[in-house]
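Encoded as structure tokens, the structure appears first; notes follow it.
The numbers here are math on the coordinates, done by the rules we state, and not lab data. Because the structure is a prediction, the values reported are computed rather than measured. Virtual Cβ from ideal backbone geometry, glycine too; neighbours counted across all protein chains shown.
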């Protein structure tokens, strides 16, 4: 018997669905679902893989969602990944390990310096949008909306899924969903670097 995805249990499906941009057909596919896990299963079974990853990005707690983004970005990262992108992902992982204002702002600084165009940069943005303030340090606080981390992680997943060879998208999304489910039950969700 498989372990229940306890880290998804606290997510309110009705509350997160509007932020996941599911679209009409995907929304119809999960009509009647009360639990996130049921909705994810129906979306995946119906071939709504992009939508399932968006829902997962919003359903996981912020710390786990950022980690998931890092795992997925690393899976499709090219061998010659620029140093700026490596630094972004490391900063996001540092935030996962120790959620501090210093690590959050460090991630933001690196994302901005990188140009914010890659999955790795968006992992750093996801960490920055996890809480605190979006204003520069020392300025009046401007808290991010609660769903911003999910939006950034969904962006990571979308970019990572089509990096390089777009024909691998669906297979990658399925691997990403497996990783997310593993993280949801307390696993590391690690994905080996893609080969070939």
When you check residue 158 against the structure, is it over 15 Å from residue 77 (Cα atoms) and buried (at least 17 other Cβ atoms within 10 Å of the Cβ), yes or no?
no
Test result for residue 32, in a loop (DSSP other than H, G, I, E, B), on the phi > 0 side of the Ramachandran plot and over 20 Å from the mean Cα position of the chain (by Cα):
yes
Residue satisfying condition, being surrounded by 21 or more Cβ atoms within 10 Å (Cβ to Cβ) and touching a residue at least 60 places away in the same chain (Cβ under 8 Å), within set 111, 26, 20:
20
State whether the residues of the range 142-164 include one that is more than 25 Å from residue 14 (Cβ to Cβ), without any contact (Cβ under 8 Å) to a residue 12 or more places away in the chain and either out of contact with any helix residue (DSSP H, G or I) (no Cβ under 6 Å at 6 or more places or on another chain) or not in a loop (DSSP other than H, G, I, E, B) (or both).
yes
Taking the range 75-96, which residues are assigned to a helix (DSSP H, G or I) and farther than 19 Å from residue 128 by Cα?
75, 76, 83
Output the number of the condition that residue 121 fails; it satisfies all remaining conditions of (1) within 16 Å of the chain's Cα centre (by Cα); (2) in a loop (DSSP other than H, G, I, E, B).
(2)
Among the residues of the range 37-58, which ones are over 16 Å from residue 157 (Cβ atoms) and buried (at least 21 other Cβ atoms within 10 Å of the Cβ)?
39
Spot the failing condition for residue 178; the list is (1) free of Cβ contacts under 8 Å to residues at least 24 places away in the same chain; (2) in a loop (DSSP other than H, G, I, E, B), and only one is missed.
(2)
